[in-house]
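The values are calculated or read from the model by the stated rules, or taken from the named source; none is laboratory data. The structure displayed is predicted, hence computed values, not measured ones. Positions of Cβ are generated from backbone atoms using ideal geometry, with glycine treated the same way; all protein chains shown enter the neighbour counts.
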Amino acid sequence: MTRLAGVLFGLVLLFAGGAPRGDEMKGGEAAAIRSIIESQIEAFRRDDGVAAYALASPTIHGIFTSADQFMAMVRNGYAPVYRPKSVTFGPLVNSPMGPLQKVYLVGPDGENYVAIYTLERQPDGTWKINGCVIVEDDGTSI
């Protein structure tokens with residue numbers, strides 16, 4: 001996947017529906033969202049595709065119908081979250097499409113990135129990752 005195709009795919013996922021508005025979140029939900037993202041990054045680090053895929057939303061499962069397909073996409077287009085050198089959580093931002101979690105990363109190439117995650121609340125009240133857009137962080141990023 002080319003860089004442009006990856007960005008376009010990420011934007012499609014970013015704007016996919018399903019997440020409630022961020023201002024509807026309750027106190028412990030920010031911690032739950034952070035935990036989901038941390039768990040997926042740790043699963044990537046272990047190459048545990050099944051665990052990483054389990055944290056993705058049904059929308060993502062509809063696009064990538066197996067953990068192997070999902071992991072191939074992540075390995076090829078999302079190196080900063082697949083193999084980060086460091087991870088720092090930024091603010092959880094309210095948006096019209098739901099919560100956006102900013103995560104500051106140092107990628108395997110030593111460059112700085114901002115990953116913007118969208119999340120989707122599931123019928124059982126839990127959260128799943130519904131998309132991620134990664135941009136280079138030149139100090140002026142979102």
Residue tally, condition more than 17 Å from THR118 (Cα to Cα), in a loop (DSSP other than H, G, I, E, B) and either touching a Pro at 6+ places or on another chain (Cβ under 7 Å) or in contact (Cβ under 8 Å) with a residue 60 or more places away in the chain (or both), over the range 62-86: 2
Identify, by number, the condition in (1) among the basic types (Lys, Arg); (2) part of a helix (DSSP H, G or I); (3) within 19 Å of LEU119 (Cα to Cα) that LYS102 doesn't meet. (2)
Those residues of the range 114-139 which are surrounded by fewer than 21 Cβ atoms within 10 Å (Cβ to Cβ) and hydroxyl-bearing (Ser, Thr, Tyr) amount to THR126
Just a yes or no: is a residue in the range 82-98 at positive phi and at pLDDT below 95? yes
Report yes if ARG83 is among the basic types (Lys, Arg) and either in contact with a Leu (Cβ under 8 Å, 6 or more places away or on another chain) or more than 15 Å from GLN40 (Cα to Cα) (or both), otherwise no. no
Can you work out which of the residues in the range 87-103 that are in contact (Cβ under 8 Å) with a residue 24 or more places away in the chain and polar (S, T, N, Q) is nearest to ALA32 (Cα to Cα)? GLN101
All positions within the range 120-142 that are touching an Asp or Glu at 6+ places or on another chain (Cβ under 9 Å) and hydrophobic (A, V, I, L, M, F, W, C): TRP127, ILE129
Unmet requirement for ASP124, which otherwise passes all of (1) assigned to a loop (DSSP other than H, G, I, E, B); (2) more than 20 Å from SER39 (Cβ to Cβ); (3) not hydroxyl-bearing (Ser, Thr, Tyr): (2)
Among (1) in contact with a helix residue (DSSP H, G or I) (Cβ under 6 Å, 6 or more places away or on another chain); (2) not in a strand (DSSP E or B), where does ILE33 come up short? (1)
Looking at the range 6-42, which of the residues that are modelled with pLDDT of 50 or more, within 13 Å of the chain's Cα centre (by Cα) and of a type in the set (Gly, Ala, Ser) is surrounded by the fewest Cβ atoms within 10 Å (Cβ to Cβ)? SER35
Output the number of the condition that GLY62 fails; it satisfies all remaining conditions of (1) at pLDDT 95 or above; (2) surrounded by 14 or more Cβ atoms within 10 Å (Cβ to Cβ). (2)
